[in-house]
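Engineer: Before I ask anything, let me first share the structure, which is written out below as structure tokens.
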Amino acid sequence: MTKIAAIEPLLARVGKRNQLLVKLTTDDGIVGWGESGLSSREKAVAATIEEFARFLVGQDSRRIGRIWQECYRSQYFEGGRVITAAISAIDIALYDALGKRLGVPVHQLLGGKQRDRVTSFASCMGTSSEEILEKARILVRAGFDCIRTYPSSADAGEVYDPRECLPRTAQELIAIRKEHGPGLFMGVDLHHRLTIAEAASFCAMLPQGTLNFLEEPIRCETPEAYKILRGLTPIPFAVGEEFASKWQAGPYLDQGLTQFMRLDICNIGGFTEAMKVAGWSERHYVDLMPHNPLGPICTAATIHLSAAVPNLSWVENRQSIVESDLGFHDPNLFPVQVQLDGPYYTVPDAPGLGVEVDEAAVRAQVATHMECPHLRRPDGSVTNW
């Protein structure tokens, strides 16, 4: 009585963003929950999940590794973000179901927890330098020892001009460092919007010791580009949230192109693939810094993964006091979820992920189309969001 009876994608509006959940039911009534991370393209992932369900229903829900391989390999054009986002959600749901079946938390299935709590970093986003500096003060007072900023023009409209934005961003970071001293670990998320030259010029504006990590300065498709940038600045890189497989992560680890692995468990392939990348990272003395921008299922999966690996720095936190308006972890929809105490997530010991979903309430949340900003440079050309 362990066969998969049904796999259903559920798309709902949760706070300021849609969430794509997966409900996996076994033939003896156990329900496992997963989440996909391909924001704004959830319907494409949902369609893939429905295709996978055609051959997964009836299979043994305990054969998680084999199911991963069949989903990945059983088409001529394997891989890609849509496919691995679908696999991620199913894989997480399978682990949740297995944990519930055995009466153990998911981290026990991964080798057991290596820490009792997981430290997180929080983000400072604002429309002005003053707002960003004030949010940094609030977070430091709240006990965060690691924060990440965005440029103050990150959401300032449809036009992105790095020549105008980067000098102001540098001054914001210098001001935060001056105010809080060397004990605060600090990074900036550049959202892969820059060229090599722009990123290198930005780094040159910063006095040594200003930044502890530079997140996603350029896109990840070309590792050789990161190798060039690596030679132009000593600032550690935090790269990996775009990765959709261990194969994408490999060159960045083997060639020393990231110093923090920003894998996203809801995109890279769930627990099955994330644990492989975590082990590969450990071999290269690289700590995980997981991307965690979604809802309680993603957060719980991320915390179980983070508890079970030796090489962890901080987990991304989108629930802090300065981002409470996002609403991604609505307790009315998820009445039981991983608990947050200041900057620390408590590692859950309940069976499975330790998250309860009010399914009726989730189904009542009508998803609305969400399109990421279509940014342009001042000359009208298209640039990255």
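Engineer: Could you give the angle, 0 to 90 degrees to the nearest 10, between helix 129-141's Cα long axis and the longest principal axis of the Cα atoms of the chain?
Structural biologist: Taking Cα atoms only, the helix is inclined about 60 degrees.
Engineer: Pop out the Kirkwood hydrodynamic radius of the range 98-175 from its pairwise C-alpha distances, inverse of mean 1/r, in Å to one decimal.
Structural biologist: Result for the range 98-175, one decimal place: 15.4 Å.
Engineer: Roughly how many Å² of ASP358 are accessible to a 1.4 Å probe, to the nearest 10?
Structural biologist: About 60 Å², ignoring ligands and nucleic acids.
Engineer: Could you give the C-alpha radius of gyration of the range 133-272 expressed as a fraction of 2.2 N^0.38 Å, taking N as the number of residues it contains?
Structural biologist: So the Cα radius of gyration is 1.07 times the expected 2.2 N^0.38 Å.
Engineer: Right, next: Tabulate in residue order the Karplus-calculated ³J(HN,Hα) for the range 209-215, using 6.51 cos²θ - 1.76 cosθ + 1.60 with θ = phi - 60°, rounded to whole Hz; enter x for Gly and Pro.
Structural biologist: Using θ = phi - 60°, the values come out as x, 5, 10, 9, 7, 10, 9 Hz.
Engineer: Any idea what angle helix 162-180 forms with the longest principal axis of the chain, computed on alpha-carbon atoms, 0 to 90 degrees, nearest 10?
Structural biologist: The answer is roughly 90 degrees.
Engineer: Also, I was wondering about something else. Within the P(r) computed for the range 47-185, what percentage of the Cα pairs occupies the region above 19 Å?
Structural biologist: The share of Cα pairs beyond 19 Å in the range 47-185 comes to 67 percent.
Engineer: OK, next. Tell me whether the range 263-385 comes out rounded, prolate or oblate; compute the Cα gyration tensor, take square roots of the eigenvalues as a ≥ b ≥ c, and use a/c under 1.5 as the rounded threshold.
Structural biologist: Verdict is oblate for the range 263-385.
Engineer: May I ask you to compute the full-extension gain from ALA44 to THR127, defined as 0.36 nm times their residue separation minus their alpha-carbon distance, rounded to one decimal in nm?
Structural biologist: Here the answer is 26.6 nm.
Engineer: Each residue of the range 57-63 in order: what ³J(HN,Hα) in whole Hz does its phi give by Karplus 6.51 cos²θ - 1.76 cosθ + 1.60, θ = phi - 60°, with x for Gly and Pro?
Structural biologist: Computed from phi, the couplings for the range 57-63 are 4, x, 7, 5, 5, 7, 8 Hz.
Engineer: Separate question: Return one number: the angle in degrees, 0 to 90 and rounded to the nearest 10, between the long axis of the Cα atoms of helix 64-73 and the longest principal axis of the Cα atoms of the chain.
Structural biologist: In the chain, helix 64-73 runs at an angle near 70 degrees to the longest axis.
Engineer: For the range 56-109, list log₁₀ I(q)/I(0) at each q in 0.17, 0.18, 0.25, 0.31 Å⁻¹, using the Debye formula over Cα point scatterers of equal strength and ignoring solvent, two decimals each.
Structural biologist: Each listed q corresponds, in turn, to -0.56, -0.61, -0.99, -1.25.
Engineer: Keeping every protein chain in place, order ARG177, ARG376 by accessible area at 1.4 Å, biggest value first, i.e. largest first.
Structural biologist: These residues rank, largest area first, as ARG376, ARG177.
Engineer: For LEU184, what residues show an amide H to amide H distance below 5 Å, using hydrogens built from the backbone and excluding near sequence neighbours?
Structural biologist: none
Engineer: Estimate the FRET efficiency between ASP28 and VAL366 by the formula 1/(1 + (r/R0)^6), using the beta-carbon distance for r and 22 Å for R0, to the nearest 0.05.
Structural biologist: After rounding to 0.05, the efficiency reads 0.10.
Engineer: Quick one: work out the % antiparallel among DSSP beta bridges in the chain, nearest 5.
Structural biologist: 50 percent
Engineer: With r as the distance between the Cβ atoms of ALA142 and ARG54 and R0 = 41 Å, compute the FRET efficiency 1/(1 + (r/R0)^6) and round to 0.05.
Structural biologist: 0.30
Engineer: Continuing with the same structure: At a temperature of 4 °C and a viscosity of 1.567 mPa s, determine how fast the chain diffuses translationally according to Stokes-Einstein, using the Kirkwood radius over alpha-carbon pairs as Rh; express D in µm²/s, rounded to the nearest whole number.
Structural biologist: 61 µm²/s
Engineer: If amide hydrogens are placed 1.01 Å from N in the peptide plane, which non-local residues have theirs closer than 5 Å to the one on PHE121?
Structural biologist: Those lying under 5 Å, H to H, from PHE121 are VAL315, GLU316, ASN317.
Engineer: Something else: So which chymotrypsin sites (Phe, Trp or Tyr not before Pro) in the range 33-80 end up in coil per DSSP with only 16 or fewer other C-beta atoms within 10 Å?
Structural biologist: Listed in order of number, the matching sites are TYR76, PHE77.
Engineer: Only four residue types carry charge here, +1 at the Cβ of Lys and Arg and -1 at the Cβ of Asp and Glu. Report the dipole size of the chain about the Cα centre in Debye, rounded to the nearest 20.
Structural biologist: Dipole about the Cα centre, nearest 20: 540 debye.
Engineer: OK, next. Could you work out the relative contact order of the chain? I mean the mean sequence separation of Cα pairs under 8 Å and 6+ apart, divided by the number of residues, in percent.
Structural biologist: Normalised by residue count, the contact order of the chain is 22 percent.
Engineer: How many angstrom separate the Cα center of the range 103-136 from the Cα center of the range 305-338?
Structural biologist: 6 Å
Engineer: Using 0.36 nm per residue, how much length does the chain from ASN332 to ALA6 gain when fully extended, once their Cα-Cα distance is taken away?
Structural biologist: 114.8 nm
Engineer: Quick check: net charge around ALA350, other residues with Cβ under 15 Å of its Cβ, Lys/Arg +1 and Asp/Glu -1?
Structural biologist: Once all neighbours under 15 Å are counted, the net charge is -1.
Engineer: Now, a different point. Tell me which chymotrypsin sites (Phe, Trp or Tyr not before Pro) from the range 259-324 have a DSSP coil assignment and no more than 15 other beta carbons within 10 Å of their own.
Structural biologist: When the chymotrypsin sites (Phe, Trp or Tyr not before Pro) of the range 259-324 are filtered for loop state and at most 15 Cβ neighbours within 10 Å, TYR285 remain.
Engineer: Using 7 Å Cα-to-Cβ label points, what is the LYS16/ASN384 separation (nm, one decimal)?
Structural biologist: For the pair LYS16/ASN384, the computed spacing is 2.2 nm.
Engineer: Further, regarding this structure: Is the range 17-65 rounded, prolate or oblate when judged by the Cα gyration tensor, a ≥ b ≥ c being the square roots of its eigenvalues, rounded requiring a/c under 1.5 and prolate requiring a/b larger than b/c?
Structural biologist: Note, shape of the range 17-65 comes out prolate.
Engineer: Karplus couplings for the range 318-330 from phi (6.51 cos²θ - 1.76 cosθ + 1.60, θ = phi - 60°), rounded to Hz, Gly and Pro as x?
Structural biologist: Working through the residues one at a time gives 10, 10, 5, 4, 8, 10, 5, 7, 5, x, 5, 10, 3 Hz.
Engineer: What FRET efficiency do you get for LEU102 and LEU375 if R0 is 41 Å and r is their Cβ-Cβ distance, rounded to the nearest 0.05?
Structural biologist: 0.30
The values are calculated or read from the model by the stated rules, or taken from the named source; none is laboratory data. The model shown is predicted, which means the values in this text are computed figures rather than measured ones. Every residue, glycine among them, receives a Cβ derived from its backbone with ideal geometry; neighbour counts consider all protein chains shown. These area figures cover heavy atoms from the full protein model, side chains too; ligands, DNA and RNA do not enter into them. Shrake-Rupley method; radii C 1.70, N 1.55, O 1.52, S 1.80 Å.
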